[in-house]
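Right, one structure below, let's go through it.
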Amino acid sequence: MNHSAKASLTMSNVECLFKVFSKSGVIFGTYILLSPYQVLADSFTPLDPAKVVLVDWAAVIVSIIPFVGVLLAVGFYTLLERKILAIIMIRKGPSKVSYMGILQPFSDAGKLLCKEFIVPTRANVGPFILAPALMLAISLLGWLLYPYKSAEVFYVFGVILFMVITSVSVYGVMMSGWASNSKYSLLGAVRAMAQSISYEIPMGFIFFCVVLCSGVFMFQEISVFQQSLFFFFLPLCVVMLVWMLCMLAETNRAPFDFVEGESELVSGYNVEYSGGGFAVMFIAEYSSILLSSVMSAAMFFGGNEALVGFFMMVFAIFFVVVRASLPRLRYDKLMNLCWTVLLCVMLTASVCVVVLVGV
């Protein structure tokens, strides 16, 4: 037997031994991990079958109702946006479907959902189909942080969770842009990733200022802290202005809608989507706008829920008026604004808040 045959035989024996030991290790490790659960199972006393409820349908319905309300709110917010844009541009808005065009959002949704969902030939099918669902799920997940005054679940670190959700939301845009296998959509996804890093750093300092003034991370407590009509807007007016710029960039709204730049990228990251996929992306985008409006009202104009609802509408209309009034900026202008202006302003504001709170 030559040396090469001996070497190959030795290697095969080593591989066999390695496989045996690896399987033995997996079995032994599984036994070690499951042994506590076996003890719990042995000490478990079965419940009365008459008292066992597999599904609490009341809890399921109550948990679904807020998300249904969000979807309805998105539909009517699109109608409100089109009405305000029509007034500003001195033209007729949607007025044909039902009385004063009230059912126009449902007509548009039905039309989109009935259209064919086309998957491009060279697209990555799995991520291409999953991206709209991921965007909608992340957008609706943020509504769990709505500052209810009475609720069974409170998020003690709601501010941190909101930062996480807003940071993760860019992954849906990245997935859709990459999976489409189109130059335009990929450029839109790259823009989204780059600008998310630039505006999230000032946004982190904004949360730092608000948390330092209130002393808590819960949106409910931040809102309750302002019940005496001492709004955080008064000492933090500059911070709120920076916050609104960050929210415009976060929701990809004009003048920071570079991800969807029609004049440059046709439609950006969603250029290859049609039918239901485009409708789901549309709903996710407008749901994020309404969520940003709610959180802006709770952070700077909190108090009771009536005040939060009123200022939420003010912020929601602000998004529409800005879209109708300002043209799209150049992409490098936003990056320059975030890194050289907003970051310096928020560093200065953070130092001032630390000094004032310490005094």
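The values are calculated or read from the model by the stated rules, or taken from the named source; none is laboratory data. Note that the coordinates shown come from a computational prediction; the quantities given were computed from them, not determined experimentally. Reconstructed Cβ throughout: ideal geometry from the backbone, glycine too, with neighbour counts over all protein chains shown. Each accessible area value is taken on the protein alone, full model and side chains, heavy atoms only, with ligands, DNA and RNA left out. Shrake-Rupley method; radii C 1.70, N 1.55, O 1.52, S 1.80 Å.
No other residue among 144, 103, 85 is modelled with pLDDT under 90 and within 30 Å of residue 295 (Cα to Cα) apart from 144.
For region 228-269, give me the residue count where each residue is modelled with pLDDT under 85 and open to solvent by 30 Å² or more (accessible area, probe 1.4 Å). Here the count works out to 8.
One residue alone among 53, 62, 68, 97 is over 25 Å from residue 138 (Cα atoms), loosely packed, with under 12 Cβ neighbours inside 10 Å and modelled with pLDDT under 90, and that residue is 53. Listed conditions (1) closer than 29 Å to residue 353 by Cα; (2) at pLDDT 90 or above; (3) part of a helix (DSSP H, G or I) are all met by residue 217, apart from (3). Among residues of region 228-247 that are in contact (Cβ under 8 Å) with a residue 40 or more places away in the chain, those with a Cβ under 8 angstrom from a residue that is acidic (Asp, Glu), sequence gap 6+ or separate chain, pair up as 246/200.
Of the helices (runs of 4 or more DSSP H) contained entirely in region 75-178, those carrying at least 3 residues that are more than 22 Å from the chain's Cα centre (by Cα) fall at 104-114.
Here residue 192 clears all of (1) more than 13 Å from residue 303 (Cβ to Cβ); (2) open to solvent by 50 Å² or more (accessible area, probe 1.4 Å); (3) of a type in the set (Gly, Ala, Ser) except the condition numbered (2). In this structure, residue 216 does not satisfy being out of contact with any Asp or Glu (no Cβ under 8 Å at 6 or more places or on another chain) and within 28 Å of residue 282 (Cβ to Cβ).
Just checking, which of 131, 86 is closer than 27 Å to residue 277 by Cβ, among the aliphatic types (A, V, I, L, M) and out of contact with any Pro (no Cβ under 7 Å at 6 or more places or on another chain)? Only one candidate passes the filter, namely 131.
Only one of the listed residues (355, 322) is in contact (Cβ under 8 Å) with a residue 12 or more places away in the chain and either on the phi < 0 side of the Ramachandran plot or open to solvent by less than 70 Å² (accessible area, probe 1.4 Å) (or both). That residue is 322. Of all residues in region 107-130, exactly one satisfies the criterion of being of a type in the set (Phe, Trp, Tyr) and at pLDDT 90 or above, namely 128.
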